[in-house]
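Trainee: Quick one: structure below, then a few questions.
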Amino acid sequence: MKIFFQSLGCPKNQVDSELMLHSLIGGGHLMVDEPDGADLAIVNTCCFIEEATQETIDTITELLELKARGMLGSVVVAGCFVGRYREELMNLLPDVDLFTGPGTGDKLASLIEGLKTNSSPRYFFPEKPIIEGPRVLANSAAMAYLRISEGCSRHCTYCVIPSIRGSLMSREPESIVSEARSLAGQGVKELVIIAEDSSAYGSDLPQNPKLSDLLAQLDKIEGIEWIRLLYLYPEGVTPELISVIKKSSRILPYLDIPFQHASPKILRLMGRNSKPGDNLELITRLRTELPELIIRSSFITGFPGETKKDFLTLRQFIENGEIDRVGVFEYSREDGTPAADFPCQTRKSTREARRCELMEMAAEMSLAKNKKLIGKKINAIVEGALGHGLMSGRIWSQAPTIDGNIEINGASPDDIDSIICVEITEADYYDLKGRKITSQPMK
């Protein structure tokens with residue numbers, strides 16, 4: 001069967017897609033690049049915020065239009081969109097052949113086989129999500145996401161994730177380390193640690209393993225050169241975690257810490273436990289312990305009740321904290337969340353204007369930091385060819401997908417999926433240009 005597969009949303013969703021792809025390819029199906037002419041189209045959906053939900057709806061609509069014109073066979077909708085709206089989708093989208101929730105994993109192949117004989121249910125939601133197993137890596141062969149847990153047990157008032165993905169469910173350390181070794185054996189050089197809440201890892205397991213202990217084990221795996229941490233809550237960045245990073249040559253001094261806001265009032269309304277003063281103190285301590293540290297963070301503008309004063313407090317926090325990588329999202333009023341019923345909902349125009357103001361400031365901050373890199377020699381992972389003798393890649397301080405890239409002169413196709421040493425020659429707001437120095441990374 002010819003299958004078109006489209007994955008939307010975050011890295012956690014991508015891992016789900018990689019698990020499903022392995023089962024489909026292992027079942028003898030052929031993956032195709034376009035839905036036109038395919039026997040089946042699968043979309044692994046996202047609905048975290050309004051924009052993601054709209055992208056999901058638009059994608060499903062386009063596939064159903066192809067099906068109606070006889071240009072596509074069956075349509076399967078998987079993932080978080082199904083997890084959020086459940087069985088009601090069967091009435092809203094009667095032409096979709098199969099709905100399956102997040103964590104379907106290798107069960108998808110048998111469900112699709114059932115479509116041929118009409119023996120599959122039209123709606124399937126796994127009692128326990130499948131969050132580990134053999135995968136087909138969708139990115140470069142040198143980088144892989146490593147999911148350490150599923151779900152979230154925090155209760156941020158704006159977030160739908162716990163209602164979709166459930167409470168925290170950590171993987172056993174042995175399973176994670178085994179997968180990491182397997183990935184290293186496949187040639188993976190960069191592991192990107194992901195979860196809905198990486199810093200809470202292990203708190204739900206009987207033996208209560210710590211993220212710092214897990215990282216210490218991953219740090220010993222031969223072949224892995226970079227280990228990158230994403231999705232850490234501020235209060236989860238412990239002295240033990242900092243110590244493990246400081247001692248390691250493989251765990252990058254790159255931390256993704258979603259502070260979300262800086263106004264005490266707004267943080268309280270968000271259901272966030274951290275305090276602005278504590279967060280600035282954390283940043284200061286981190287930069288003292290890890291002088292090369294890169295901090296990425298995300299923030300929300302226009303949360304219900306956010307005044308101009310609250311917004312200016314947030315702006316000042318980003319400036320004072322010298323946040324290296326900034327992502328800003330407009331508040332999205334999501335049905336079923338406590339914040340959706342809060343009074344003093346902000347206007348969309350206000351949310352947009354404040355987001356733009358922060359992103360413009362962040363861009364100038366990023367440009368200033370990038371210009372300081374000119375002339376420096378830095379390790380970079382080569383990911384692909386751009387043509388005209390140029391290669392694309394990322395320096396160690398650029399995370400895949402969410403940060404910028406580097407255009408490398410003097411590298412060759414033989415360098416793809418390798419870590420090399422480059423000299424930075426030009427800098428833009430987010431992207432860089434450089435030239436290859438050696439095929440071996442600096443120690």
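The values are calculated or read from the model by the stated rules, or taken from the named source; none is laboratory data. Not measured: the values here are computed from a predicted model. Neighbour counts are summed over all protein chains in view; Cβ atoms, including those assigned to glycine, are modelled from backbone coordinates with ideal geometry.
Trainee: Cβ-Cβ under 7 Å, sequence separation 6+ or interchain: first residue in segment 186-215 and farther than 16 Å from Pro11 by Cβ and assigned by TED's automatic domain parsing to the domain that holds Ile395, partner acidic (Asp, Glu) and surrounded by fewer than 18 Cβ atoms within 10 Å (Cβ to Cβ). Which pairs?
Mentor: none
Trainee: Now a separate question. Kindly indicate whether Ile416 is in contact with a Gly (Cβ under 6 Å, 6 or more places away or on another chain) and among the hydrophobic types (A, V, I, L, M, F, W, C).
Mentor: So Ile416 fails the test.
Trainee: Separate question: Condition test on Thr313, is it at pLDDT 95 or above, farther than 18 Å from Thr157 by Cβ, of a type outside the set (Asp, Glu) and in contact with a His (Cβ under 9 Å, 6 or more places away or on another chain)?
Mentor: yes
Trainee: Can you confirm whether Tyr145 is surrounded by 16 or more Cβ atoms within 10 Å (Cβ to Cβ), in contact (Cβ under 8 Å) with a residue 60 or more places away in the chain and within 18 Å of Leu255 (Cβ to Cβ)?
Mentor: In short, yes.
Trainee: Tally time: how many residues in segment 1-52 are among the hydroxyl-bearing types (Ser, Thr, Tyr), modelled with pLDDT of 95 or more and over 16 Å from the mean Cα position of the chain (by Cα)?
Mentor: Residues meeting the conditions: 0.
Trainee: Conditions: (1) in contact with a helix residue (DSSP H, G or I) (Cβ under 9 Å, 6 or more places away or on another chain); (2) assigned to a loop (DSSP other than H, G, I, E, B); (3) closer than 22 Å to Ala427 by Cβ. Val328 meets all but one. Number of the miss?
Mentor: (2)
Trainee: Just for helices (runs of 4 or more DSSP H) wholly inside segment 55-140: which have at least 1 residues that are loosely packed, with under 14 Cβ neighbours inside 10 Å?
Mentor: Here the list reads 88-92, 107-117.
Trainee: Counting just the residues of segment 219-236 that are outside any loop (DSSP other than H, G, I, E, B) and in contact (Cβ under 8 Å) with a residue 60 or more places away in the chain, which one comes out nearest to Pro253 (Cα to Cα)?
Mentor: That would be Arg228.
Trainee: Report the residue count in segment 1-54 for those that are part of a helix (DSSP H, G or I), over 22 Å from Glu150 (Cα atoms) and either of a type outside the set (Asp, Glu) or in the same structural domain as Gly336 (by TED's automatic domain parsing) (or both).
Mentor: Within segment 1-54, residues that are part of a helix (DSSP H, G or I), over 22 Å from Glu150 (Cα atoms) and either of a type outside the set (Asp, Glu) or in the same structural domain as Gly336 (by TED's automatic domain parsing) (or both) number 4.
Trainee: Restricting to segment 302-344, count the residues that are of a type in the set (S, T, N, Q) and buried (at least 18 other Cβ atoms within 10 Å of the Cβ).
Mentor: Adding up the residues that qualify gives 3.
Trainee: Give the number of residues within segment 123-174 that are among the hydroxyl-bearing types (Ser, Thr, Tyr) and within 25 Å of Leu93 (Cα to Cα).
Mentor: Residues flagged as among the hydroxyl-bearing types (Ser, Thr, Tyr) and within 25 Å of Leu93 (Cα to Cα) within segment 123-174 amount to 2.
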